[in-house]
Amino acid sequence: MGSLARERLWPSADYSQQVERLRRSIGSMIYLVELKPEAINLGVRYSDTPFELIDVLDFPRPDPARGLAPHLILLDDGRGINLGRIARITINTPYSPPAEHILYQESFVMERLLLRERQLSEASIAARSKQLLGQLLGKRPDKRLSGK
């Protein structure tokens, strides 16, 4: 099985180990990167507010199609959040944590969607702008700029 296929397994291969790491951290202050799935897009909320991890509970209705994992976390602000709605949980720092501070991480979401190199650059924006301006002015598309 290829590495991409392994990463797409649900829950991930190291999910159980991460849940155990979370259970050992009950009572700790944690930082979250939350996912906000909507009908059209996926929102992400990085928070620098620490929350106390009160408990890790079994979720009775996991559903990979809806992104609901088999566990949820209970926080000191009264929220229970399903692990399927969390991209990363860390201790000690909310941003750019070292590996030893990551308690839970949905690797596919973090690496393939949030932290990957972006395709937009000044050069790509300039090339696309030139192409669109040329079309607006009635010029034939320059194949060098269209990437075809």
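The values are calculated or read from the model by the stated rules, or taken from the named source; none is laboratory data. Everything numeric in this text was worked out from a predicted model, so none of it was measured. Cβ: placed from backbone, ideal geometry, glycine included. Neighbour counts: every protein chain shown. Only protein heavy atoms, including side chains, enter the accessible area calculation; ligands, DNA and RNA are left aside. Shrake-Rupley method; radii C 1.70, N 1.55, O 1.52, S 1.80 Å.
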Exercise. Quote the FRET efficiency, to the nearest 0.05, computed for Arg24 versus Arg61 with a Förster distance R0 of 22 Å and r equal to the Cβ-Cβ distance.
Key: 0.30
Quiz item: Once the Cα gyration tensor of region 14-106 is found, what semi-axes does its equivalent ellipsoid get, as square roots of 5 times the eigenvalues, in whole Å, sorted largest first?
Solution: 19, 16, 13
Self-check item: Length-normalised contact order for region 14-106 - Cα pairs under 8 Å, 6+ apart - percent
Solution: 29 percent
Self-check item: Solvent-accessible surface (1.4 angstrom probe) belonging to Glu100, in square angstrom, nearest 10
Solution: 130 Å²
Exercise. Rounded to the nearest Å, what's the spacing between the alpha carbon centres of region 78-104 and region 26-46? Just the number, please.
Key: 9 Å
Quiz prompt | Pairwise FRET efficiency - Ile40 versus Leu136, Cβ, R0 = 25 Å, nearest 0.05 | solution = 0.35
Quiz item: Short version: ³J(HN,Hα) in whole Hz for each residue of region 123-137, in order, from phi by Karplus 6.51 cos²θ - 1.76 cosθ + 1.60 (θ = phi - 60°), x for Gly and Pro, what are they?
Solution: 5, 5, 5, 4, 4, 5, 4, 4, 5, 5, 5, x, 5, 4, 8
